[in-house]
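The values are calculated or read from the model by the stated rules, or taken from the named source; none is laboratory data. Since the model is a prediction, treat every value here as computed from it, not as a measurement. Note that we place each Cβ from the backbone using ideal geometry, even for glycine, and neighbour counts take in every protein chain shown.
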Amino acid sequence: MDEEIKLLLERMENKKTKVKAGIHYYIGDILGKSVVLCKSGVGKVNAAVTTQILIDSFDVSRVLFTGVAGAVHPELNIGDIVISSTCVQHDMDATALGFSRGEIPYQENSVFKADSSLVLLAERACNELGQKHLVGKVLSGDQFISNAEIVAKLRKELNGMCVEMEGAAVAQVCMMNATPFVIIRSISDKSDGSANVSFKEFTVEASGRSHSILEYMLQHL
Ligand code: ADE
């Protein structure tokens with residue numbers, strides 16, 4: 001989201017902009033590291049296209065993705081952070097053909113593993129900042145989840161930590177291109193329709209959190 005990249009964009013030096021497939025890519029240096037900053041937009045297709053372009057046109061060596069998510073794990077509260085251990089597309093459903101929920105038919109791997117050094121670095125950033133966080137499976141689908149029964153199912157059937165709309169698409173593209181990645185999500189709601197926080201206000205707060213985590217990570221990469 002715009003709020004999320006604004007803070008990083010302000011710190012970018014030697015900035016150049018390129019537009020591809022309607023997506024703005026900002027190329028420059030942040031804290032002495034060469035960075036390509038972009039906003040994927042919402043949903044798996046946007047996220048997949050954005051990521052493939054990052055890899056093909058900008059030759060990135062790793063992908064750090066931040067954003068907001070709904071809680072699935074009962075211990076998560078609004079404002080907590082989830083760091084991906086793995087990502088799965090929860091809306092991939094070929095169960096009628098005998099595949100399990102989330103399993104992509106005729107494909108070896110449907111659970112995409114985040115890079116362990118990036119996960120560790122994100123954990124270190126959270127510890128350093130006193131930020132409550134859990135590491136676990138990020139579930140992605142082209143649906144905003146706002147139903148407690150669906151949350152219970154996502155937890156039971158897929159052992160999900162949180163739910164959002166892009167991570168597993170970024171993860172799959174990164175896996176297909178052997179590019180290390182990590183997804184870092186700020187919990188914005190309980191995925192059960194009880195959200196009474198202003199989404200806009202929350203995004204501004206969450207951007208501050210993501211910014212601090214990314215700042216630490218960039219310094220220590
Ligand atoms: N992003 C933030 N909250 C979400 C939810 N409940 N479902 C899907 N994506 C989200």
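Yes/no per residue for (1) outside any strand (DSSP E or B); (2) in contact with a Leu (Cβ under 8 Å, 6 or more places away or on another chain):
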| position | (1), (2) |
| --- | --- |
| Lys6 | yes, no |
| Glu10 | yes, no |
| Asn14 | no, no |
| Tyr25 | no, yes |
| Ser40 | yes, no |
| Ala47 | yes, no |
| Ser61 | yes, no |
| Leu64 | no, yes |
Report task. Output the number of residues of the range 47-70 satisfying the condition of being within 16 Å of the ligand (Cβ to nearest atom) and over 22 Å from Cys162 (Cα atoms). Result -> 0
Report task. Mind counting the residues in the range 85-102 that are over 27 Å from Leu64 (Cβ atoms) and surrounded by 11 or more Cβ atoms within 10 Å (Cβ to Cβ)? Result -> 6
**Report entry** Failed condition for Asn196, given (1) modelled with pLDDT of 90 or more; (2) away from the ligand (no atom under 13 Å from the Cβ)
**Finding:** (1)
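Would you tally the residues in the range 109-127 being small (Gly, Ala, Ser) and outside any helix (DSSP H, G or I)? Spell out the reasoning first.
Residues of the range 109-127 that are small (Gly, Ala, Ser), as a first pass: 110, 114, 116-117, 122, 125.
Subsequent filtering for residues that are outside any helix (DSSP H, G or I) retains 110, 114.
Matching residues across the range 109-127 total 2.
Look at Asp80 and say whether it is of a type in the set (Asp, Glu), within 15 Å of the ligand (Cβ to nearest atom) and more than 17 Å from Gly141 (Cβ to Cβ). Spell out the reasoning first.
Details: of a type in the set (Asp, Glu): yes; within 15 Å of the ligand (Cβ to nearest atom): yes; more than 17 Å from Gly141 (Cβ to Cβ): yes.
Yes, satisfied.
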Query raised in the report: Yes or no: Val170 within 21 Å of Val119 (Cα to Cα), touching a residue at least 12 places away in the same chain (Cβ under 8 Å) and near the ligand (Cβ under 9 Å from one of its atoms)?
Result: no
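Name the residue that is surrounded by the fewest Cβ atoms within 10 Å (Cβ to Cβ), counting only residues in the range 39-59 that are touching a helix residue (DSSP H, G or I) at 6+ places or on another chain (Cβ under 6 Å) and over 22 Å from Ser212 (Cβ atoms). So that I can check it myself, show each step before the final result.
Of the range 39-59, the ones touching a helix residue (DSSP H, G or I) at 6+ places or on another chain (Cβ under 6 Å) are 39-40, 44, 47-48, 51-52.
Subsequent filtering for residues that are over 22 Å from Ser212 (Cβ atoms) retains 44, 47-48, 51-52.
Working: Lys44: 22, Ala47: 25, Ala48: 19, Thr51: 26, Gln52: 17.
The selected residue is Gln52.
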Query raised in the report: Looking at (1) without any contact (Cβ under 8 Å) to a residue 12 or more places away in the chain; (2) of a type outside the set (Phe, Trp, Tyr); (3) in a loop (DSSP other than H, G, I, E, B), can you tell me which one Asp56 breaks?
Result: (3)
Query raised in the report: Among the candidates Glu157, Glu123, which residue alone is in contact with a His (Cβ under 9 Å, 6 or more places away or on another chain), more than 14 Å from the ligand (Cβ to nearest atom) and farther than 23 Å from Arg62 by Cβ?
Result: Glu157
Query raised in the report: Does at least one position in the range 144-157 carry a residue that is hydroxyl-bearing (Ser, Thr, Tyr) and within 20 Å of Ser85 (Cβ to Cβ)?
Result: no
